[in-house]
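What follows is calculated from the coordinates using simple rules that are stated; it is not laboratory data. Values in this document were obtained by computation on a predicted structure and should not be read as measured data. Cβ atoms come from the backbone with ideal geometry, glycine included; neighbour counts cover every protein chain shown.
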């Protein structure tokens, strides 16, 4: 082989090694992005669930405030969150505490 051919072969080999390295790096980065997207989706789902709890709690609080004038307090009753006018606000305080809100009482 001539010196030019040898030099070209070495350059081609170097380029092939660089391409293989870049492909491996690209695969690694794709996996990293995929993992990050999955984590983001999980965090978003948790945030949406918390947001739904807060919206429900706010609707309960608004309902409680509406009847505060007419009764001693109000409470949620049962899994459906039905509010009764006669009970105390203990359930509301429990729900606030579950969401990490510091409450007195």
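Some values worked out for this structure:
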read-out: Projected label distance in nm at residue 48 and residue 30, using a 7 Å step from Cα toward the beta-carbon; value: 2.7
read-out: Computed FRET value (nearest 0.05) for residue 19 with residue 39, which takes r as the C-beta separation and R₀ as 35 Å; value: 0.70
